[in-house]
Amino acid sequence: MAEEARDAVVIPIGTGGRPGRGSGSARPSSAARNLAPSAKKPAVKPAVRPAAKKASAKKRPSGGGPATEVPRVKVADAPPFQDPAASGGPATVGAGEKVAGPPPRTGIPVGDWLAAAQGAAKDVFGDDWERRLAELMAFVRRRLEGDYEVDDYGFDRELTERFFMAALRPVAEKWFRLEVRGLENIPAEGGALVVSNHSGTVPLDGLMTMLAVHDNAHRFLRPLGADLVFKMPVVSSLARKGGATLACTEDAERMLSGGDLVGVWPEGFKGIGKPFSERYKLQRFGRGGFVSAALRTGVPIIPLSVVGAEEIYPLVGNVPSLARLLGVPYIPITPFFPWLGPLGMVPLPSKWILEFGEPIRTDSYDAAEAEDPMLVFNVTDQVRETIQHTLFDLLRERDGVFS
């Protein structure tokens with residue numbers, strides 16, 4: 001019995017033939033299918049090209065007989081692959097088989113872009129944005145064609161009003177909150193000389209004064225600038241187009257005789273470059289050249305006192321050696337510059353007050369008296385004292401630097 005068991009043939013479960021040969025069927029049994037791991041579905045094969053070889057297969061009968069040849073089937077020529085994005089529809093992969101292409105591309109409709117542009121134009125130009133935009137385009141066309149005028153000093157009236165004043169206005173109204181007093185002392189027409197204190201480390205007070213005169217008195221203030229202003233390549237051109245000219249007696253007298261409103265800051269760089277500890281203390285007013293020009297032309301002198309400009313860049317130090325190397329009056333050091341880099345150049349939002357004093361008349365003097373040094377000194381001292389006392393009064397009135 002043991003020998004018979006030793007010679008017995010063991011047939012695996014689920015097979016109907018000899019060991020190693022299976023059931024003789026090409027399809028595995030259900031037991032074998034349960035034991036085999038699940039196979040992944042084959043990927044979709046690309047379309048069969050016309051040049052592909054014809055496939056043939058042979059089928060073996062389950063009974064182990066001779067194999068029978070499967071009839072050959074001629075594969076139909078499949079059309080070439082079409083890009084779904086190019087055709088806009090589903091692409092044909094094989095003969096009679098289609099797959100869906102990617103979804104159509106989406107974006108912001110043109111109508112939404114136009115509505116957004118109209119809304120932005122309305123916010124910038126107001127309700128009448130169409131008219132103002134047309135005026136802007138006409139202005140740009142004239143500038144490109146060279147169809148504009150400047151006076152003998154290079155003053156471009158249209159450019160100053162449309163761009164320079166428009167750029168300064170938000171700073172004056174929202175940042176410095178300018179308060180202007182004594183506008184009745186500015187003559188509506190004719191020549192006059194506005195004399196102001198100078199401060200602020202950077203001469204922003206001159207720009208704010210020009211804007212205040214333009215928006216309130218409806219006149220252009222023609223400032224007299226220092227030599228350094230007209231030696232700088234970009235600043236010189238902008239200053240000329242904005243109405244500034246060199247601070248010399250000849251140009252001042254010529255403009256005053258022509259009926260212009262001229263502005264002068266006699267303290268010069270000593271005024272804007274003084275330390276913060278000496279704020280609102282007027283420096284020397286030069287030799288009184290502005291008084292001589294007013295006496296020769298007989299125009300009134302209007303003293304102007306500006307409070308608030310001293311605090312925008314508190315000057316706490318200077319670098320004289322570097323200033324001499326660069327050819328500038330001073331290199332300012334403030335609590336924020338140069339420690340914070342470009343951020344330190346942002347001015348502090350102090351509250352500004354501009355007060356125009358009563359005019360000092362000069363038409364009672366003869367032109368020859370402009371050569372009298374004592375008369376020039378007395379009038380210069382009168383203007384200086386008027387501005388200094390007004391500064392002290394304004395400082396006592398204001399509640400705080402930023403309010």
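The values are calculated or read from the model by the stated rules, or taken from the named source; none is laboratory data. Quick caveat: nothing in here was measured; it's all calculated off a predicted structure. Here the Cβ is made from the backbone with ideal geometry for all residues, glycine too, and neighbour counts use every protein chain on show.
Condition first: under 46 Å from the mean Cα position of the chain (by Cα) and not in a loop (DSSP other than H, G, I, E, B). Now tell me which residues in the stretch 349-368 satisfy that.
Within the stretch 349-368, 353, 354, 355, 356, 360 qualify.
Answer yes if at least one residue in the stretch 150-167 is modelled with pLDDT of 80 or more, surrounded by 12 or more Cβ atoms within 10 Å (Cβ to Cβ), in contact with a helix residue (DSSP H, G or I) (Cβ under 6 Å, 6 or more places away or on another chain) and not in a helix (DSSP H, G or I), and no otherwise.
Yes, the stretch 150-167 contains a residue that is modelled with pLDDT of 80 or more, surrounded by 12 or more Cβ atoms within 10 Å (Cβ to Cβ), in contact with a helix residue (DSSP H, G or I) (Cβ under 6 Å, 6 or more places away or on another chain) and not in a helix (DSSP H, G or I).
Residues in the stretch 339-356: is at least one surrounded by fewer than 12 Cβ atoms within 10 Å (Cβ to Cβ), outside the structural domain of residue 202 (by TED's automatic domain parsing) and under 20 Å from residue 267 (Cβ atoms)?
no
From the list 206, 225, 259, 263, which one is closer than 24 Å to residue 171 by Cβ, in contact (Cβ under 8 Å) with a residue 60 or more places away in the chain and of a type outside the set (A, V, I, L, M, F, W, C)?
263
For (1) of a type outside the set (Gly, Ala, Ser); (2) modelled with pLDDT of 95 or more, each residue gets a yes or a no:
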site	(1), (2)
286	no, no
290	yes, no
317	no, no
331	yes, no
345	yes, no
352	yes, yes
357	no, yes
370	no, no
386	yes, yes
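Do we find that residue 296 is on the phi < 0 side of the Ramachandran plot, in a helix (DSSP H, G or I) and surrounded by fewer than 23 Cβ atoms within 10 Å (Cβ to Cβ) in this structure?
Judged against the criteria, residue 296 is a match.
Looking at (1) of a type outside the set (Phe, Trp, Tyr); (2) in a loop (DSSP other than H, G, I, E, B); (3) at pLDDT 90 or above, which one does residue 338 not meet, given that it meets all the others?
(3)
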